[in-house]
Each structure stands twice: as structure tokens, then as C-alpha cells.
Amino acid sequence: MATPTYVELSDFIGETIPGGDAAHHAQAVIGVVQSMVSAYTRGVGFDDGPNDDLRAVIPSATARRLSNLNGVRSEAMEPFSVQ
């Protein structure tokens, strides 16, 4: 199967991703996440692109990455903190 697209990511998250820079950025993150999944599985399940199971993981991990671009694990503003 082919690499997921930003349009499929848009359907997954239920929000429109406009074209241009936003689409390019989303597609770039999809590519990075796909590479990470491939490395984690040591290429198993990537005979002709990701198999169905792995292809389902990619939009989810991409959405999570796009929602936290700085990789923040916790934030604090006394007396409140969030992890």
C-alpha cells in the first residue's frame, strides 16, 4: 500500500488541512513517522509500502506529533502543572 497522505490525515483528525505549506508540513511529518515505524519494525510489513496494520498507526502518530510540535512533556505555571 502507498504512504498515507495529508488528505487521509485530515479525514482521520476531522479537520481540513489547507493546501500549501500546511499540507507540505503534514506530508513531511507523515514521511518521518513512516520512517520511524519502518525502523521500529525493522522493515517488516513494508514490502510495497506499509501494510494495513502499520498504515493505521501512521496517521495516529502523525496527528499526535503535529499536536505537540515542541515535544513538550510537561508544562508548569505555578501553582498548576500538566504532564
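Each value in this text was obtained by applying a stated rule to the coordinates, not by laboratory testing. Keep in mind that this is a model prediction, so the values were computed, not measured.
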For helix 52-67, what angle does its Cα long axis make with the longest principal axis of the chain, in degrees from 0 to 90 and rounded to 10? 30
Here the gain from full extension of residue 39 to residue 23, 0.36 nm per residue of separation minus their alpha-carbon distance, amounts to 3.3 nm
Looking at (1) 60; (2) 55; (3) 51, which value of percent of Cα pairs over 15 Å apart comes from a calculation on the structure shown? (1)
